């Protein structure tokens with residue numbers, strides 16, 4: 001086994017502590033100054049290799065001594081080492097969120113705190129990374145727990161694999177169980193690395209977080225721990241050179257890689273991983289020009305000692321400050337925050353980590369008290385999340401109940417109605433209550449996404465809503481997520497107008513003409529299927545189509561988009577089907593929503609928040625432009641007067657919040673638009 005000849009067994013290795021210090025320093029600087037050290041996130045990869053090496057070294061020693069691994073005792077040690085500080089930071093973070101963070105962000109953050117408590121935050125983030133409805137999620141103050149989740153999953157699975165490898169070795173009469181462990185590790189490293197390369201190129205957003213793409217990094221460190229101590233056969237000069245080389249590779253990765261341009265982990269992760277392996281393999285060669293002097297310095301060793309707690313504490317202040325104030329930290333605030341993080345880490349190490357790790361349950365052979373204490377502690381944190389969610393749920397139910405009463409009563413100043421009676425509604429007769437409640441704003445989608453294709457393909461998903469009478473007007477609603485947001489608007493009025501509506505809504509791909517030469521286009525299959533369905537399938541009386549202004553997936557130029565729409569519509573019009581284009585709603589700038597969030601959280605007046613009309617409508621609506629070129633064959637229904645005055649587009653209209661993000665309207669505002677939308681569609685058809 002690879003144990004440095006300079007450090008007796010059982011003594012903390014200075015190069016390991018130095019690597020920990022370097023890793024947490026890179027992560028810390030990257031998060032506070034991301035543009036200064038663009039690849040500082042590789043510090044996490046350094047931690048992964050160290051963990052794989054140390055844990056496997058311990059397990060291998062146990063196998064050599066007793067022939068197996070005491071799984072219960074191993075997991076109990078991991079619980080004592082990691083859980084106390086981890087749960088402490090989660091509770092402190094939850095308290096800070098309740099005090100300072102606007103309720104809009106509570107549901108997401110509480111969900112992630114729960115995931116972090118059970119060490120599943122990486123899978124939660126991976127899910128959100130590919131979930132269209134989570135695309136507008138903010139960074140949460142516990143997002144950094146993804147790496148701890150990956151690490152805990154390694155600690156759970158890897159000892160089991162060692163036990164299985166030993167059992168297989170015994171069954172096939174393999175004399176050396178360490179050899180069986182090496183083979184198992186080699187297979188895991190190769191398979192995981194291959195998967196990491198593939199998944200990083202195919203699905204980079206989720207690949208960053210999921211455990212299979214990271215397992216090879218732990219496995220590389222683990223494999224090193226099972227190999228003979230080649231360092232003993234090498235001279236100090238060689239080892240010193242390799243040590244410097246390893247540190248240099250980590251440094252190059254930190255400054256040369258960039259999250260915006262470098263797919264990660266994949267191939268790129270090999271640079272910091274191999275660098276860490278070199279530094280561990282080299283050990284602590286005692287030469288004047290070796291890095292040992294730097295590694296053994298008191299500040300470096302102390303930071304390495306505190307690295308776990310520093311990592312836990314460093315991220316919440318960054319996110320909570322931004323969510324609470326809407327501003328970025330200035331340099332003085334950053335230095336103050338870092339000083340606070342280091343102080344908290346030192347206190348956590350002194351009064352939480354060490355007492356639980358070395359003194360609590362000391363000498364006790366019984367494991368159930370340790371597991372019981374862990375379970376109770378985790379349940380307590382989850383209880384905090386539960387209470388927070390219950391408070392939000394109660395408030396939301398009361399808000400929704402009041403909203404339903406207002407909608408049922410035909411309140412004249414609610415939502416879009418207020419735009420048609422601006423003078424009468426100027427005094428705010430409905431008070432200051434906002435609908436929906438801020439805590440549910442981002443999820444206020446109603447039934448919009450019940451039949452929504454996140455990955456458009458030739459297989460068209462559809463829902464049928466409205467009248468079931470045989471003489472009903474057959475309508476197709478076609479478009480992207482903006483078309484989906486019209487479903488809550490129209491569904492309550494379909495029976496009265498005797499409409500049966502089939503929904504064909506999907507992410508990004510607007511209905512347009514396709515040619516055989518476009519088969520490489522990711523939208524080709526769906527557009528072809530839509531052409532077949534609307535052009536040759538059962539005939540619709542009416543097609544309602546809308547989409548986001550300059551929606552992704554369209555042709556590169558506006559004229560190309562318009563021609564594609566016109567060519568797609570022509571065969572449908574020739575069948576006698578009417579087509580109505582609903583002009584898209586205005587859009588917001590990146591910071592416009594912050595006015596609403598900040599005012600709602602700090603007792604301000606959210607109704608003052610608005611976007612300039614020219615800015616909101618500044619992006620070309622190619623669908624509406626195409627319809628206007630058809631000499632009236634395709635009608636345009638424009639609801640701009642229900643979104644904007646002559647000068648601005650308010651974010652709150654008639655006590656209803658209009659937008660749930662920078663370009664989607666809320667289901668609540670859509671419901672208030674409903675009667676006007678259906679009335680204008682029928683009016684356009686009649687004219």
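Listed conditions (1) in contact (Cβ under 8 Å) with a residue 12 or more places away in the chain; (2) more than 19 Å from residue 566 (Cβ to Cβ) are all met by residue 527, apart from (2).
Of all residues in the range 426-436, one or more are on the phi > 0 side of the Ramachandran plot and in a loop (DSSP other than H, G, I, E, B). Test residue 206 against the stated conditions and say whether it is within 30 Å of residue 68 (Cα to Cα), part of a helix (DSSP H, G or I) and modelled with pLDDT under 95. Answer is no for this residue.
The single condition from (1) buried (at least 18 other Cβ atoms within 10 Å of the Cβ); (2) touching a strand residue (DSSP E or B) at 6+ places or on another chain (Cβ under 9 Å); (3) at pLDDT 90 or above; (4) within 30 Å of residue 392 (Cβ to Cβ) that residue 463 fails is (1).
Residues in the range 564-603 that are touching a residue at least 60 places away in the same chain (Cβ under 8 Å), part of a helix (DSSP H, G or I) and in the same structural domain as residue 547 (by TED's automatic domain parsing): 565, 566, 569, 573. The condition of being over 27 Å from residue 558 (Cβ atoms) and crowded, with 23+ Cβ neighbours inside 10 Å holds for only one of 652, 582, 678, that being 652.
Of everything listed in (1) more than 20 Å from the chain's Cα centre (by Cα); (2) surrounded by fewer than 18 Cβ atoms within 10 Å (Cβ to Cβ); (3) in a helix (DSSP H, G or I), the single unmet condition for residue 247 is (2).
Evaluation of residue 18 against the conditions (1) free of Cβ contacts under 8 Å to residues at least 12 places away in the same chain; (2) surrounded by 20 or more Cβ atoms within 10 Å (Cβ to Cβ) shows that the sole unmet condition is (1).
Suppose the filter is in contact with a helix residue (DSSP H, G or I) (Cβ under 8 Å, 6 or more places away or on another chain), in a loop (DSSP other than H, G, I, E, B), under 22 Å from residue 675 (Cα atoms) and modelled with pLDDT of 90 or more; does residue 448 pass it? Yes, satisfied. Return a yes/no flag: does the range 265-274 have any residue that is touching a residue at least 12 places away in the same chain (Cβ under 8 Å), surrounded by 15 or more Cβ atoms within 10 Å (Cβ to Cβ) and assigned to a loop (DSSP other than H, G, I, E, B). Looking through the range 265-274, at least one residue is touching a residue at least 12 places away in the same chain (Cβ under 8 Å), surrounded by 15 or more Cβ atoms within 10 Å (Cβ to Cβ) and assigned to a loop (DSSP other than H, G, I, E, B). Residue 406 meets all of the listed conditions (1) touching a residue at least 12 places away in the same chain (Cβ under 8 Å); (2) in a loop (DSSP other than H, G, I, E, B) but one, namely (2). Quick one: is residue 645 touching a helix residue (DSSP H, G or I) at 6+ places or on another chain (Cβ under 8 Å) and not in a loop (DSSP other than H, G, I, E, B)? In short, no. Residue under question is residue 336, and the condition is that it be modelled with pLDDT of 95 or more and out of contact with any helix residue (DSSP H, G or I) (no Cβ under 9 Å at 6 or more places or on another chain); does it hold? Yes; evaluated as a whole, the condition is true for this residue.
Is it true that residue 456 is surrounded by 12 or more Cβ atoms within 10 Å (Cβ to Cβ), within 26 Å of residue 547 (Cβ to Cβ) and at pLDDT below 90? Spelling it out, residue 456 is indeed surrounded by 12 or more Cβ atoms within 10 Å (Cβ to Cβ), within 26 Å of residue 547 (Cβ to Cβ) and at pLDDT below 90.
The condition of being assigned by TED's automatic domain parsing to the domain that holds residue 29 and surrounded by 21 or more Cβ atoms within 10 Å (Cβ to Cβ) holds for residue 313.
Only one entry of 512, 476, 489 meets the criterion of being in contact (Cβ under 8 Å) with a residue 12 or more places away in the chain, part of a loop (DSSP other than H, G, I, E, B), within 34 Å of the chain's Cα centre (by Cα) and crowded, with 23+ Cβ neighbours inside 10 Å, and that entry is 512.
Inspect the range 353-376 for any residue being under 19 Å from residue 93 (Cα atoms), assigned to a helix (DSSP H, G or I), within 34 Å of the chain's Cα centre (by Cα) and assigned by TED's automatic domain parsing to the domain that holds residue 79 and give the result as yes or no. Yes, that holds for at least one residue.
Among the residues of the range 604-615, are any surrounded by 15 or more Cβ atoms within 10 Å (Cβ to Cβ), outside the structural domain of residue 577 (by TED's automatic domain parsing) and assigned to a loop (DSSP other than H, G, I, E, B)? Yes, some residue in the range 604-615 is surrounded by 15 or more Cβ atoms within 10 Å (Cβ to Cβ), outside the structural domain of residue 577 (by TED's automatic domain parsing) and assigned to a loop (DSSP other than H, G, I, E, B).
Flag set for residue 118, criterion: under 21 Å from residue 370 (Cβ atoms), in the same structural domain as residue 207 (by TED's automatic domain parsing), surrounded by fewer than 19 Cβ atoms within 10 Å (Cβ to Cβ) and touching a helix residue (DSSP H, G or I) at 6+ places or on another chain (Cβ under 8 Å). Failed condition for residue 619, given (1) surrounded by 17 or more Cβ atoms within 10 Å (Cβ to Cβ); (2) in a loop (DSSP other than H, G, I, E, B), with all others met? Every listed condition holds for residue 619 apart from (1).
The values are calculated or read from the model by the stated rules, or taken from the named source; none is laboratory data. None of these values were measured; they are calculated from a predicted model. Note that we place each Cβ from the backbone using ideal geometry, even for glycine, and neighbour counts take in every protein chain shown.
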